[in-house]
Every structure is written in C-alpha cells, then in structure tokens.
Amino acid sequence: MSSRSFHFHFLILVFLSLVIELSGEAQCHQEQASALLRLKNGFSSMKNLTRPWIRGTNCCSWEGVTCDHVSGLVIFLDLGNRDISGNISAALFELTSLQRLNLSYNLFNGSVIPVSGFEMLGNLTHLNLSNSGFAGQVPSGISRLKKLVSLDLSTYFFNGGELETPDLGELIGGLSNLQKLYLDGVNLSSNSMDWCQVIAKSAPRLQALSLSSCSLSGPIHESLSKLRNLSVIHLDQNNFSSQVPEFFGNFSYLNELSLVDCELHGLFPPSVFQLMNLKALDVSLNPMLSGYLPEFPKESSLEKLIVEYTNFSGSLPESLGNLKSLTKLALTSCNFSGPIPLSIGKLNQLVHLDLSLNGFIGKIPPHVGGERISQIILSHNSFTGDIPQYFGRLQNLTKLDLKNNSLNGSIPVTLFTLPALQVLQLNQNRLAGKLEEFSNASSTLNTVDLSDNELQGDIPKSIIKLSNLKSVDLSNNRFDGSLPKSFGNLTALQMLNISLNNFTGPIPSELGNLVQLEALDLSHNQFSEEIPRSLVNLSFLSFLNLSYNRLVGRVPLGNQFSTFSNSSFEGNSGLCGSPLSRQCADSSALSPRYYISYKSYNEPNWQSIFVGIGFGGGLAMVFGYLLMWDSGRKVVFG
C-alpha cells in the first residue's frame, strides 16, 4: 500500500470516529440493556419517561442513561426524582462500568438498601441515594468503592439510615479520594464523640461535609482543622453543647457554614464573618450563643447572614454596606440595639430583611435595600418617625411588617397599590390621620392589619378594590361614619375586625355576601337598627362579636347564629330573644332605653390570626376558638 493510500484510509478512519463521537449515539451493549430492563421491572412505579426504555432500542438513548461514546458502556444512571417505588434489583450491580449513580428523591418508603452488590461497582465516583426513603443499615460494600469522590446518603423527609456495622470509620476508612460527604439524617451515634478524628484521618481531601441531624455530640474536636480544603460545613441540629472553635476562622476556602440549633454557647469567633469566600452563614436557634457583627471587608462574598434567635448584641456596623452580594439578612430575636446604618441602602441585592424583636431605635432609613427586596420585617423594635415613602415604590415587595414600634405620621397610600404586596402589618404604632383614596389597587394584597393606631375618618372607598383581601383588622382606631355597603363585594374575606371605633348607622346587609367569612367583630361601635337577617347565611362563621353597640330587635336564629352565646350580643339593650335572657314582647323591634359604652376589656389576639391567614389563604384558619365570653372580656384564640 502506497504512503498516499495509507494516509487516505487513516484520515477516513479518523473522520468516521469523529462522526461517531460527535453524534453522541454510541451503541449500548445488549447485556447492559437487559440489566436495565430487569432493574426497571423491579420497580413498582416509575414516572413516565419522555424517552422510554423499550426492548430492542439503543439503551444509550434511553432517558437517564449515559454511555461512553467510545465503548458504549453505561457510565451514568440518573434516576433521581422519578417517583420510583419498589425494590432495587440485583441487576443494578451488573452495570459494573457505572461511574455515577443517582437514585435520589424517590419513594422506596423504608426499603433496605441492598446488603450486597455495591462492592461490584468499583468504578463509581459519585453515589447519590439521598431522600429516597431507604432505611436500615448502610451496606458495607460502599466502603470498598475506592474511587468514590462524592457520597450522599442524606435524608430530610424519611427516617434515615444507620451506621453501626460498619460504623463511620469503617465506611469511609478506605475512601481516601472522598471530597464530598453528605450523611444528614443518618444515625451516627456510634461515632458521636470521635467523628471529627475519624473524618480528618480518613478523608483528608474533603471539601464538603454535611452531617445535620446525625445524633452527634461535642465538643467539635480540633482535628477537624486539618481539613484545610473545606468549603461547606453543615452540622445543624446536633447536640454539641460547646463553643464554636476559633479555627473555623482559618478555613480560607469556606463558602457555607451552618450550625443551626446545636446548643452552642460562648462567643462566636468574629473572624468567621471576615472570611473572603464565605457566602452563607447560619447560626440561628442557639439562644446561648453570643457575639457581634464586626467590620466587614469591602471584598466580602456574603449572600446570606442569619443569626436569628441567638444572644448576639451590639449595633450594626456602617460597613454592613460592604456586603454588596447580600440577599438575606435575618437578625430576628437577638439583642441588637442602636440605629440602622444608612449604608443598608447600598444592599441592592437584598431580598429578605428581618430585624424584628430587637432594640433598634431611631428612624427607619429612607432606603432599605434595592428594588429586588421582597420582605421587610422590622416589627417589635422602637423605631420612630414616618414610614419611608420609598417603601411605596418597591415593586417586588410581598410583605411589609412594621408592627409594634412607635412610628407616627400618616400611612403612604402607595402601599396599597404595590403589585406584589400580600401582607401589610402596621398595627401597634402611633400612625394618625385619614386613609386617603388610592388608584391602581393591588390585586395580591390579602392581609391588612392597621389596628391599635390613631387613624380617623371614613374608610376609603378604594379599599373595596383590594379584591383579594382575606383578613382586615382596623380595630382600636378612631374611624367613624358608616361601614360601606360595598364591603359585601370583598367575597374572599375570611376575617373582619373593626371593633373599638366610632362607626355608626346600620350593619350593611351586604355583609351576608361574605360567604367565606369565619370571624366577624363589630363590637364597641355605635351601629344601630336591627341585625341583618342575611348574616345567618354565613355558614363558615365560627366567631361573632356584635356586643356594645346600639342594635335593636330580635336576634336572628338559624345556622351558625344558633351556636353563639349571650356574650356575642351583650351591651345592646334593645336586643332580645335567644341566646339573650331578655325575651321579645312581640316580633317588633324594641327601642333601647339606654346605651352602655364599655371599652375596658382584653382583646383577642387578632394579629396572629391575621398573619396566618395572610400566608395560609383558604386553609382552615382558627383551630382554638374559646367561644366563651366572660363579662368584660373578649374571646381568647388558641
């Protein structure tokens, strides 16, 4: 063969091999196709596949199956999140060429992971059996997978597996290439004290360590500091009962640190906050853990900072504005104090802000975060001054909670026009003046609580345009005038409380159109005339308070009205008939001889009910009504 002919044929072969490789259609081996079909037949159910497994077709084109382009051997089997139930057939272990296996997020519902077989998959580098409902002892065969780089046996939704025989040391003792270890929910109580030493010795290359809810105890041993490449540490819900080690501040590659609910105490190392690669820090639910927020470097990568329900204290540093990537700042229920720095307005990526239940003072900064912000929760502090007009321009805001402060001034009516707002809680402040009319009413707003303020005047007719309202609390203000008949158009309404105001005139019969209504409180106003018969049609009504008004006539009977006690109607001297002790002389209305004004009583916890309905929508809302009213007291909700 001439040199030219040889080169020609060589080029043809190269070309053909490239065509085969680029086509991605390697031909699978018949015995592996057979093993896959037997594996599938062992499942009781499996979500429909867009590229089904059919005998006689190329298994390399089947959904979830990836083959090597050259050899045609199956190297990746991805059956995650397929609603698979049943058992794992031994046919799986005939796929000895597998490098990656993913069976996560399925429904094996307590099935035991096969005791033997995994040791035959010696080429595996990635094994993911997480959140699939497997239970029982982790098979020892996994400990022989020397090439394993990533192992995920975690579970969040089912009872996890156990590591006793083998224990943690025996499982990973030979897995020196391991870089990612996820065992959340696996019972590691047999290694509860020496887990740090075991991991540091067995997996020196480890980059991600996740052992949440593993029945571990402390303290966290210094041997863990040898794992210098750690970028992820998740140790939530273990009982360490110790301090956070100072060496955590030396993990220069650390991206995520989560130590939620670990019984930690002492001072949290401030150096951790200054790690340049740290993106997420969560030490919440450690009430004995103290600390403070130090100065933040300009190059900080922090995206989530959560220290809620701890004993952190002090003021927020001006350098908070350096956290340009921050999306979530949650400092709920700590001991922070002082004003909020103006630099918080520089956090343009902020989506969630919760500073509630602290000791913050002063005015709310004119800008809080940027246009992306979705939730602003500043309740239970000592803020003063006006509500920033800026809030009325936040197009992505879904929740604004400023309750229980000392805010004054008027309410920006633009808040009622925000297109995404669902929950508006401004109760327990010193807000005053009239609610002005507004246009472009929000179609998403479902919870409005303006109770316990000093608002006055008529209810704006525009409020009727908030068509998705489910709960409204305007109680304990100075509203007056009549209740608009158009309130009957708010057909999604489930709770209405306008007690402790100065409303006059008749109760609109149109309220009978509120067929979803479960709680109605019109007490301590000056409503007059008869109780509308239409209210009897409110078949979901579980709580009613019409007490201390100027109502007259016979109390309507039927449906839910037959379940309400005397306390729902007391203080209306012109009312008669059951359940009142005063009998009606005839069917005509009785005129009151006098009107008793009475406002000294304990209020029901409306705000907790209203918050629930704000996010719960049409769910069953009130589970603990105590429908007994003592004289001079309101109902107590469970």
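Structural remarks
- Close pairs (7 angstrom Cβ cut-off, 6 or more residues apart or separate chains): within 16 Å of N322 (Cβ to Cβ) and of a type in the set (F, W, Y) in the range 270-291, in a loop (DSSP other than H, G, I, E, B) and modelled with pLDDT of 95 or more anywhere: F273/L293; F273/P294; F273/F296
- Flag for K180 being surrounded by fewer than 18 Cβ atoms within 10 Å (Cβ to Cβ) and either farther than 26 Å from V232 by Cα or out of contact with any Phe, Trp or Tyr (no Cβ under 8 Å at 6 or more places or on another chain) (or both): no
- Where strands (runs of 3 or more DSSP E) fall wholly inside the range 153-248, the ranges with 1 or more residues that are closer than 17 Å to V138 by Cα and in contact with a helix residue (DSSP H, G or I) (Cβ under 8 Å, 6 or more places away or on another chain) are 180-182.
- Selection of the range 134-163 for residues being within 25 Å of the chain's Cα centre (by Cα), more than 19 Å from S189 (Cβ to Cβ) and at pLDDT 85 or above yields only D152.
- Within the range 403-421, being of a type in the set (V, I, T) and under 16 Å from E371 (Cα atoms) holds for T414, T417.
- So N453, is it without any contact (Cβ under 8 Å) to a residue 60 or more places away in the chain, buried (at least 17 other Cβ atoms within 10 Å of the Cβ) and within 29 Å of I364 (Cβ to Cβ): yes
- Evaluation of E299 against (1) in contact with a Leu (Cβ under 7 Å, 6 or more places away or on another chain); (2) in a loop (DSSP other than H, G, I, E, B) (one fails), failing number: (1)
- Condition check for L500: over 32 Å from the mean Cα position of the chain (by Cα) and closer than 21 Å to L431 by Cβ: yes
- The combined condition, being farther than 23 Å from M276 by Cβ, in contact with a helix residue (DSSP H, G or I) (Cβ under 7 Å, 6 or more places away or on another chain) and crowded, with 19+ Cβ neighbours inside 10 Å, is not fulfilled by L378.
- Test: residue in the range 512-526 that is in contact (Cβ under 8 Å) with a residue 24 or more places away in the chain, of a type in the set (D, E, K, R) and buried (at least 18 other Cβ atoms within 10 Å of the Cβ): yes
- Reported count of residues in the range 38-62, each being among the basic types (K, R) and under 39 Å from the mean Cα position of the chain (by Cα), is 3.
- Filtered residues of the range 426-456 (kept if touching a helix residue (DSSP H, G or I) at 6+ places or on another chain (Cβ under 7 Å) and closer than 21 Å to N381 by Cβ): N427, T447, D449, S451
- Looking only at residues of the range 528-549 that are outside any loop (DSSP other than H, G, I, E, B), touching a Gly at 6+ places or on another chain (Cβ under 7 Å) and not β-branched (V, I, T), we find that the one that is modelled with the lowest pLDDT is N537.
- Residue, nearest to the chain's Cα centre (by Cα), within the range 280-296, restricted to residues that are surrounded by fewer than 19 Cβ atoms within 10 Å (Cβ to Cβ), part of a strand (DSSP E or B) and not small (G, A, S): P287
- Selection count where residues are in contact (Cβ under 8 Å) with a residue 40 or more places away in the chain, of a type in the set (S, T, Y) and either crowded, with 16+ Cβ neighbours inside 10 Å or not in a loop (DSSP other than H, G, I, E, B) (or both), scope the range 60-118: 4
The values are calculated or read from the model by the stated rules, or taken from the named source; none is laboratory data. Not measured: the values here are computed from a predicted model. Don't worry about glycine lacking a Cβ; one is built from the backbone with ideal geometry, like all the others, and counts go over all protein chains shown.
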